[in-house]
Amino acid sequence: MTYKYKPVRFYATVFVLTWAFWIAAAIVGRTSSSNSASLGLMLLGLLVPSAIALYTILSSGDAALKRDLRLKFTGLFRVKPLVVTAAIVIFGAIITISILLSTLIGQSFDQFALVDDFSFAGGGVTALLTIILAALLEELGWRGYAEDAIAFYCSWWKESAIFGVVWGLWHLPLFFIPDTYHYNILHENPLFMANFFLSIIPLSFIFTWVYVKNERSIIACMIFHFFVNFLQEKIAMTDITKCVQTLVLITAAAIIVALNKDLFFETRHIGRLLPEPDRK
């Protein structure tokens with residue numbers, strides 16, 4: 001029997017547990033002079049998607065689903081270096097174009113410089129490790145089970161749109177945890193918070209393209225996710241420029257979809273997402 005994905009149960013569990021940790025982190029961050037406890041709770045929340053994905057798959061009793069996860073995580077043959085490199089170059093181009101366009105509305109060319117530190121609590125090595133963990137742990141959860149759980153029932157285009165909204169909402173409690181990037185932009189201008197949520201949706205389409213073009217490889221998405229997070233942190237872009245970047249992201253995502261119509265709109269995978277050899 002083909003395994004039936006359970007997206008509602010998965011996402012409900014992930015949201016409840018992640019938000020519980022992050023709401024606790026927000027409370028601790030506002031009442032404690034040390035940010036170590038708050039940071040620990042944030043990291044526990046970050047662990048939730050991957051932990052629930054692993055539990056769901058390992059407790060499913062479906063050997064093909066378990067094998068599929070193993071191949072997605074260890075099957076380096078699935079990674080297409082040219083596709084991953086192209087994705088990184090495209091994102092770099094998105095940042096470059098965004099900065100250039102932002103100079104037309106008064107932003108500085110100095111944004112091409114690298115910042116000395118990161119925008120959230122911890123700084124230095126701690127912040128860098130957080131970025132690495134975010135890429136590793138989020139992708140194990142999102143591409144390990146979450147994205148497939150939606151795509152099992154619809155096209156990759158529809159899945160990308162749904163997942164983009166859900167992925168954005170998952171970050172919501174971070175806006176209330178002191179010293180996070182999300183907290184800082186909310187207090188600087190609520191419109192920057194709205195821009196963050198909007199930007200996640202076209203970014204989701206680009207991640208789906210990387211994921212499917214690399215035969216649903218988690219490793220490929222981890223590499224791309226790290227570069228996205230790192231470039232967003234280290235390039236000295238202003239929050240106004242990040243609003244411009246959202247428009248460029250939307251354009252880039254639209255071009256990628258237009259050039260990959262069969263990938264995004266085919267329905268052959270619906271109801272039988274696992275490759276046929278994996279079902280043997």
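Within segment 178-210, if we keep just the residues that are touching a helix residue (DSSP H, G or I) at 6+ places or on another chain (Cβ under 6 Å) and not in a helix (DSSP H, G or I), the residue that is surrounded by the most Cβ atoms within 10 Å (Cβ to Cβ) turns out to be Thr180.
Of everything in segment 155-177 that is out of contact with any Ser or Thr (no Cβ under 7 Å at 6 or more places or on another chain) and more than 21 Å from Ile255 (Cα to Cα), the residue that is surrounded by the fewest Cβ atoms within 10 Å (Cβ to Cβ) is Leu169. Scanning segment 222-267 for residues that are among the basic types (Lys, Arg) and modelled with pLDDT of 95 or more yields Lys242, Lys261.
Summed over segment 20-32, the residues that are surrounded by fewer than 17 Cβ atoms within 10 Å (Cβ to Cβ) and either within 22 Å of Ala53 (Cα to Cα) or not β-branched (Val, Ile, Thr) (or both) give a count of 4. Summed over segment 228-245, the residues that are farther than 23 Å from Ala146 by Cβ and either without any contact (Cβ under 8 Å) to a residue 40 or more places away in the chain or not in a loop (DSSP other than H, G, I, E, B) (or both) give a count of 11. Identification of helices (runs of 4 or more DSSP H) wholly contained in segment 111-177 with 1 or more residues that are at pLDDT 95 or above and among the acidic types (Asp, Glu) yields 147-151, 156-170.
Among residues of segment 175-203 that are under 16 Å from Thr246 (Cβ atoms), those with a Cβ under 8 angstrom from a residue that is part of a loop (DSSP other than H, G, I, E, B) and of a type in the set (Phe, Trp, Tyr), sequence gap 6+ or separate chain, pair up as Tyr181/Phe120. Quick check: is even one residue across segment 55-71 surrounded by 18 or more Cβ atoms within 10 Å (Cβ to Cβ), touching a Ser or Thr at 6+ places or on another chain (Cβ under 7 Å), charged (D, E, K, R) and farther than 30 Å from His182 by Cα? Taking every residue of segment 55-71 in turn, none turns out to be surrounded by 18 or more Cβ atoms within 10 Å (Cβ to Cβ), touching a Ser or Thr at 6+ places or on another chain (Cβ under 7 Å), charged (D, E, K, R) and farther than 30 Å from His182 by Cα.
The values are calculated or read from the model by the stated rules, or taken from the named source; none is laboratory data. Fair warning: this is a prediction, and the values are worked out from it, not measured in the lab. Because the Cβ atoms are built from the backbone with ideal geometry, glycine has one as well, and the counts that use them run over all protein chains shown.
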